[in-house]
Amino acid sequence: MSSRGRAAGQEQSDRNIPEGAAHSTTLTHADGQAVAKGTVRRFRLTVVEGPARGVAWQSTGDRCSIGSHHRNHLIIDDPTVSRFHCEIVIDEGGVRVRDLKSRNGTVLDGVAVLEAFLRVGSLLRLGKTVIRFELGAETLSLPLSEEARFGSLTGVSPAMRATFAMLARAAESDVTVLLEGETGTGKSQAAHSIHKKSARSEGPFVIVDCGAIHGNLLESELFGHEKGAFTGATDRRVGAFEEASGGTLFLDEVGELPVDLQPKLLRALEAREVRRVGSNAYRPVDVRVIAATNRDLRTDVNIGRFRADLYFRLAVVTIGMPPLRRRPEDIPPLAEEILTSLRAPRDAAEQLRSPEFMAQLRNGAWPGNVRELRNYVERCLILRTIEPASTGPGATEEGFAVDPTAPYASERERAMTDFERRYFKALLRLHDGKVARAAGAAGMDRTYLYRLLRRHGIEP
């Protein structure tokens, strides 16, 4: 049985940092057996058909990336297998396989899938290669932080404590880190917390939003420019790499980086030197780089949207920020922290601390994750009323009212117009009004999204 949806986990590329995952008190896997908190069942993959027949791999953590590139866990030397073909993840829901926009697709037990649950003995076909999945009897312990906080991040769930353990390990060195996760999961907070916990904490923390700056200006933002380098360059400017010297440079939404600028970023990361626009001289920089994205850059590598060599340079350590729907036990303490930060009056906050309200929060879908939760709690606090929480992505209180006496074509057009207007307003709210981010999340061209926004009179 297959189900389509967002990615449930992200690959952790650094073999020096143990792999972690989200887990509840007990887990029930494909054979119905439960395992204890902080552990996962070991699984085995065996190639039973294709050029790599006989190759076997046994898990050492909660996930396995499969593909022809050597940075995968299970490497398949088969030209019909994509560089990053698919990924297998074990979490509280079971064992799932997710296709990474591979060239030939992922077929599970004869059915083409985007994401699906595995069962013992399942066969995966990737091009000409067939892989058998088996679940072992052994369990593996996953590293969990003993703390319920890391910097400004809060979480009591095993999912967040596993993330905290990896963030703490990353903070101990100057290694480049790639933070992956949906919008609103706390990637910016994680980056700043790594910086504050590192040896560079006294240095600057410089942020560049790669999705909010036009490509022609982004090069100057990153590397600086000399006076007269281009029209409007009336003064010399120091770029973010030089500005962050001695500290940390945070590249937010790095997946939005234009293709023509990616080689220049690659050189800066490899050589730790930059050249200002309009200059012939390279300048050394002493900077630690943390990048973040709400995309899976492996899929962008597969389709040629992101350079493979730049991805590997960024993903020395990859840490996935778990979505809120996979850690509902964190919602009550997060809500309490939000109320405290808003300095909520006692009488107004009392209703929002009730078991009924907390139960409603735990049952919400929260497609905008912690950011959406904060906005919702703040709205309830200001309006002094409890609004229904969303029970699914794009949930609405009532359906679209139709007029059966009107012609079908006109009603269809009216319904589509109403849908587009509500969808784009919600999309922009979810991405803080940033059109580039919204277009990427919606899978559409940014120019086309601007056109639709103008049609509906929606201001970003």
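The values are calculated or read from the model by the stated rules, or taken from the named source; none is laboratory data. Computed from a predicted model, the values in this text were never measured in an experiment. Methodologically, a virtual Cβ is constructed for each residue, glycine included, from the backbone with ideal geometry; neighbour enumeration extends over all protein chains shown. SASA here: full protein model, heavy atoms, side chains in, ligands and nucleic acids out. Shrake-Rupley method; radii C 1.70, N 1.55, O 1.52, S 1.80 Å.
For the stretch 319-326, indicate whether the set of residues that are among the small types (Gly, Ala, Ser), within 28 Å of Val89 (Cβ to Cβ), surrounded by 15 or more Cβ atoms within 10 Å (Cβ to Cβ) and touching an Asp or Glu at 6+ places or on another chain (Cβ under 6 Å) is non-empty. Yes - at least one qualifying residue is present in the stretch 319-326.
Here Val120 does not qualify as of a type in the set (Val, Ile, Thr), out of contact with any strand residue (DSSP E or B) (no Cβ under 9 Å at 6 or more places or on another chain) and assigned to a loop (DSSP other than H, G, I, E, B).
Among the residues of the stretch 430-458, the ones that are under 19 Å from Thr183 (Cα atoms), assigned to a helix (DSSP H, G or I) and touching a residue at least 24 places away in the same chain (Cβ under 8 Å) come to 7 in all. Taking the stretch 207-222 as the range and being within 21 Å of the chain's Cα centre (by Cα) and either more than 22 Å from Arg295 (Cα to Cα) or assigned to a loop (DSSP other than H, G, I, E, B) (or both) as the test, the residues that pass are Cys210, Gly211, Ala212, Ile213.
Selection of the stretch 432-459 for residues being farther than 16 Å from Val254 by Cα and open to solvent by less than 40 Å² (accessible area, probe 1.4 Å) yields Gly433, Ala442, Leu449, Leu452, Leu453, His456, Ile458.
Out of the residues in the stretch 148-173 that are farther than 14 Å from His192 by Cα, in a helix (DSSP H, G or I) and not β-branched (Val, Ile, Thr), which is most open to solvent (accessible area, probe 1.4 Å)? Checked the stretch 148-173; the qualifying residue most open to solvent (accessible area, probe 1.4 Å) is Arg169.
Among the residues making up the stretch 49-93, a single one is on the phi > 0 side of the Ramachandran plot and open to solvent by 50 Å² or more (accessible area, probe 1.4 Å): Gly54. Annotation: of all residues in the stretch 127-147 being in a loop (DSSP other than H, G, I, E, B) and over 30 Å from Gly186 (Cβ atoms), the one that is farthest from the chain's Cα centre (by Cα) is Lys128. The helices (runs of 4 or more DSSP H) falling completely within the stretch 246-318 that include 2 or more residues that are out of contact with any Asp or Glu (no Cβ under 7 Å at 6 or more places or on another chain) and farther than 29 Å from Glu226 by Cβ map to 297-302, 308-314.
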